[in-house]
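Visitor: Following this message is one structure expressed as structure tokens.
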Amino acid sequence: MSSSTTQIFKNPRAKHNFQGRTCSIAGVGSYVPAKIVTNADLAKIVDTSDEWITTRTGIKERHVAAENEFTSDLGTAAAQAAMKKAGITADQIDLIIVATITPDMPFPSTACLVQRKIGARRAAAFDLEAACSGFIYALEIGQQFIMSRTYDTVLVIGAEKLSSITDWTDRNTCVLFGDGAGAAILQSRENAHGLLTAVMGADGEKADLLFMPGGGSRCPASAESVNSRMHYLRMEGKETFKNAVQAMQTAAEEALRRCELDISRIKCIIPHQANRRIIDAVGERLGAKPEQLFVNLDKYGNTSAASVAIALDEAVESGRVQRGDLILLVVFGAGLTWGAAVIEW
Ligand SMILES: CC(C)(COP(=O)(O)OP(=O)(O)OC[C@H]1O[C@@H](n2cnc3c(N)ncnc32)[C@H](O)[C@@H]1OP(=O)(O)O)[C@@H](O)C(=O)NCCC(=O)NCCS
């Protein structure tokens with residue numbers, strides 16, 4: 001980018017005679033299903049209220065996919081929007097990574113189904129599972145292929161049909177989640193820093209805070225697994241909340257430290273959209289001003305791997321983020337997993 005912006009941060013990729021290319025986001029796109037479920041709608045099926053959901057989470061409504069609309073459909077729509085904005089065709093795509101915890105089926109990968117739908121016949125394709133942190137994990141992995149000159153164009157997607165693993169009788173969880181997808185086209189852009197750094201972390205000791213017990217090799221689908229509702233996600237809300245705030249703060253600080261950036265230089269902070277109180281607590285701990293934080297969870301709830309991708313697309317579309325601005329993505333999810341990325345847009 002311009003010489004004025006190059007002076008305000010250190011590019012950690014550029015040290016030690018770095019020979020790779022930089023990696024930029026050439027276009028982002030998103031898609032949410034048409035159907036909207038409001039808090040008032042939920043109050044008709046579980047013992048809750050708009051007032052409780054709004055004050056405890058900040059969520060007002062969420063989008064829910066149709067019965068015949070699957071994660072690969074949501075991901076495909078987001079991918080096509082991102083491809084259009086990047087000005088690329090399907091045959092240019094070398095690799096497709098889909099971050100999801102709600103694949104269409106355990107195998108083949110949702111990435112292969114997206115590959116078929118968009119007609120990206122040259123592309124390799126695989127899924128990545130890092131729960132709500134998946135989009136940053138996918139960005140970081142995708143960028144490795146660009147930097148190493150292995151590939152020129154990588155499509156990364158965060159897509160979820162969380163309504164398919166939500167227990168609609170459990171008020172503790174069903175009010176929190178929604179369906180949607182976001183996608184980004186990664187390419188190298190001349191004279192641009194792009195993705196400056198990405199932090200990824202995990203703590204498997206806390207795997208039991210947020211999980212889905214059924215449907216895997218430990219507890220394959222059976223009448224018994226369905227009767228005991230093992231095919232729905234389960235969560236320890238309070239502990240998850242505390243860990244989310246701590247992990248997001250630590251990840252964001254590490255990403256900023258690597259770039260020698262003060263939080264005040266970040267034009268837009270795009271946090272994982274799980275809970276308004278988590279976002280505010282992380283913003284406060286980072287010393288950010290409220291206007292630096294991008295929030296859209298009132299409209300979508302927590303869409304897991306799609307969350308920051310949808311938010312990034314909206315931030316760009318609304319003009320909150322302009323070319324050359326610095327943005328900070330910060331995420332947290334089951335695993336536990338977390339991540340943060342600094343991007344010169
Ligand atoms: C789930 C969450 C909103 C609950 O908020 P909280 O302030 O921790 O609420 P508590 O767990 O203390 O529950 C308080 C009460 O509200 C009740 N409650 C839970 N969900 C409710 C709902 N939808 N409507 C009304 N009451 C509800 C609980 O049963 C509890 O009642 P009790 O005191 O009689 O047992 C919050 O813990 C949270 O957001 N956690 C993180 C979740 C998350 O982000 N997960 C994804 C990470 S990627």
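Visitor: Can you report the number of residues in region 303-345 which are among the polar types (S, T, N, Q) and surrounded by fewer than 22 Cβ atoms within 10 Å (Cβ to Cβ)?
Guide: First pass over region 303-345, keeping only residues among the polar types (S, T, N, Q): 303-304, 307, 318, 322, 337.
Filter once more, so that each one left must be surrounded by fewer than 22 Cβ atoms within 10 Å (Cβ to Cβ): 318, 322.
Of the residues in that region, 2 qualify.
Visitor: Which one is nearest to the chain's Cα centre (by Cα) among residues in region 184-226 that are of a type in the set (D, E) and within 16 Å of the ligand (Cβ to nearest atom)? Even if it seems obvious, please write down each step before you answer.
Guide: First, pick out the residues of region 184-226 that are of a type in the set (D, E): 190, 203, 205, 208, 224.
From what is left, the residues that are within 16 Å of the ligand (Cβ to nearest atom) are 203, 208.
Details: D203: 18, D208: 21 Å.
Checking each candidate, the answer is D203.
Visitor: Restricting the first residue to region 330-345 and requiring it to be among the acidic types (D, E), which pairs with a second residue that is near the ligand (Cβ under 10 Å from one of its atoms) and modelled with pLDDT under 95 meet a Cβ separation below 8 Å and a spacing of at least six or different chains?
Guide: none
Visitor: How many of the residues making up region 114-146 are touching a Phe, Trp or Tyr at 6+ places or on another chain (Cβ under 8 Å) and more than 19 Å from G335 (Cα to Cα)? Walk me through how you get there before you give the answer.
Guide: We begin by selecting, within region 114-146, every residue touching a Phe, Trp or Tyr at 6+ places or on another chain (Cβ under 8 Å); these are 128, 130, 132-133, 145.
From what is left, the residues that are more than 19 Å from G335 (Cα to Cα) are 145.
Residues flagged as touching a Phe, Trp or Tyr at 6+ places or on another chain (Cβ under 8 Å) and more than 19 Å from G335 (Cα to Cα) within region 114-146 amount to 1.
Visitor: Right, something else. Scan R229, R320 and give me the residue that is away from the ligand (no atom under 16 Å from the Cβ), within 18 Å of L162 (Cα to Cα) and in contact with an Asp or Glu (Cβ under 9 Å, 6 or more places away or on another chain). Spell out how you get there, then give the answer.
Guide: Values: R320 fails: within 18 Å of L162 (Cα to Cα).
Exactly one residue qualifies, and that residue is R229.
Visitor: If you scan region 140-155, which residues turn out to be in contact (Cβ under 8 Å) with a residue 40 or more places away in the chain and either within 12 Å of L195 (Cβ to Cβ) or in contact with a strand residue (DSSP E or B) (Cβ under 8 Å, 6 or more places away or on another chain) (or both)?
Guide: Listed by number, the residues that qualify are E140, I141, G142, Q143, F145, I146, M147, Y151, D152, T153, V154, L155.
Visitor: Sticking with this one: Do you know which residues across region 11-50 are charged (D, E, K, R) and closer than 21 Å to T169 by Cβ? Don't jump to the end; show me each part of the working.
Guide: Restricting attention to region 11-50, the residues satisfying the condition of being charged (D, E, K, R) are 13, 15, 21, 35, 41, 44, 47, 50.
Within region 11-50, K35, D41, K44, D47, D50 qualify.
Visitor: Still on this structure, I have one more. Output the residue which, of all residues in region 26-72 that are touching a Phe, Trp or Tyr at 6+ places or on another chain (Cβ under 7 Å) and part of a strand (DSSP E or B), is nearest to the ligand (Cβ to nearest atom).
Guide: R62
Visitor: Please work out if M230 is farther than 26 Å from A82 by Cβ and not β-branched (V, I, T). Steps first, please.
Guide: Values: farther than 26 Å from A82 by Cβ: yes; not β-branched (V, I, T): yes.
Yes; evaluated as a whole, the condition is true for this residue.
Visitor: Moving on to the next point. Please indicate, with yes or no, whether at least one residue in region 260-270 is within 11 Å of the ligand (Cβ to nearest atom) and surrounded by fewer than 22 Cβ atoms within 10 Å (Cβ to Cβ).
Guide: Within region 260-270, the subset within 11 Å of the ligand (Cβ to nearest atom) is none.
No, region 260-270 contains no residue that is within 11 Å of the ligand (Cβ to nearest atom) and surrounded by fewer than 22 Cβ atoms within 10 Å (Cβ to Cβ).
The values are calculated or read from the model by the stated rules, or taken from the named source; none is laboratory data. The model shown is predicted, which means the values in this text are computed figures rather than measured ones. Neighbour counts are summed over all protein chains in view; Cβ atoms, including those assigned to glycine, are modelled from backbone coordinates with ideal geometry.
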